[in-house]
Amino acid sequence: MKSISFDTTNAICGALFIATGAFFALQSLGLDLGTALRMGPGYFPFILACALILLGAIIFIQALRVEGEPVDPFAWRGMLFILPAPVFFGLTVRGLGFAPALFFTAFIACFASRRMNVVYAVILSLLLTIFSVAVFSYGLGLPFERFGPWVRF
């Protein structure tokens, strides 16, 4: 008798997609769905949730057809640097302003990779900050302070 082999990573991802889609589909049923021609506030979330369930089922079924690599150990370094970075940005953007907050946020997130060193992190953060200020402040004309009250010159 042949044992069942499957790709553990994709099976877990497919199951999570299905569970997330089912949760949001159930939540959207509390809203008025309406019809396809007169959509209610719950129609679009319900359709997106159904699409997520469908994609999760496809991923899960594909995981049963192939044998995958074992699940790697949990990436604690990534979690410790990636998750606090947007929190730092949210807490400091009003005080530091957009440019310094974005620079430090990118600098913090850079160290999620073991291959990143300080010089490359500074260069990457500086280039990302220059690009973002050029696009959002000058290009789109969004009304935010580039430098906040904590770093006035």
By residue number, the members of the stretch 105-124 that are within 18 Å of LEU80 (Cβ to Cβ), touching a residue at least 12 places away in the same chain (Cβ under 8 Å) and in a helix (DSSP H, G or I) are THR105, ALA106, PHE107, ILE108, ALA109, CYS110, ALA121
For the stretch 18-30, check the following and say yes or no: at least one residue is among the aromatic types (Phe, Trp, Tyr), open to solvent by 70 Å² or more (accessible area, probe 1.4 Å) and farther than 30 Å from GLY148 by Cα.
yes
Condition set outside any helix (DSSP H, G or I) and within 14 Å of ASN10 (Cα to Cα), scope the stretch 51-80, selection modelled with the highest pLDDT: answer is VAL66
Taking the stretch 132-149 and keeping only residues that are within 14 Å of PHE98 (Cα to Cα) and either surrounded by 12 or more Cβ atoms within 10 Å (Cβ to Cβ) or among the small types (Gly, Ala, Ser) (or both), one is left with SER132, VAL133, ALA134, PHE136, SER137, GLY141, PHE144, GLU145, ARG146, PHE147, GLY148
For the stretch 13-24, pairs from a residue that is free of Cβ contacts under 8 Å to residues at least 60 places away in the same chain to a residue that is of a type in the set (Val, Ile, Thr) and surrounded by 16 or more Cβ atoms within 10 Å (Cβ to Cβ), with Cβ under 7 Å and 6 or more apart or across chains, are CYS13/ILE59; GLY14/ILE59; PHE17/ILE59; ILE18/ILE53; GLY21/ILE53; ALA22/ILE53
Exactly one of LEU83, LEU48 is farther than 27 Å from ARG114 by Cα, modelled with pLDDT of 90 or more and either exposed (fewer than 15 other Cβ atoms within 10 Å of the Cβ) or over 21 Å from the mean Cα position of the chain (by Cα) (or both), and that residue is LEU48
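The values are calculated or read from the model by the stated rules, or taken from the named source; none is laboratory data. Here the structure is a predicted model, which means the values were calculated and not measured. When we count neighbours, we look across all protein chains shown, and the Cβ atoms used for this are built from the backbone with ideal geometry, even at glycine. Protein only, heavy atoms only, side chains kept; ligands, DNA and RNA dropped before computing areas. Shrake-Rupley method; radii C 1.70, N 1.55, O 1.52, S 1.80 Å.
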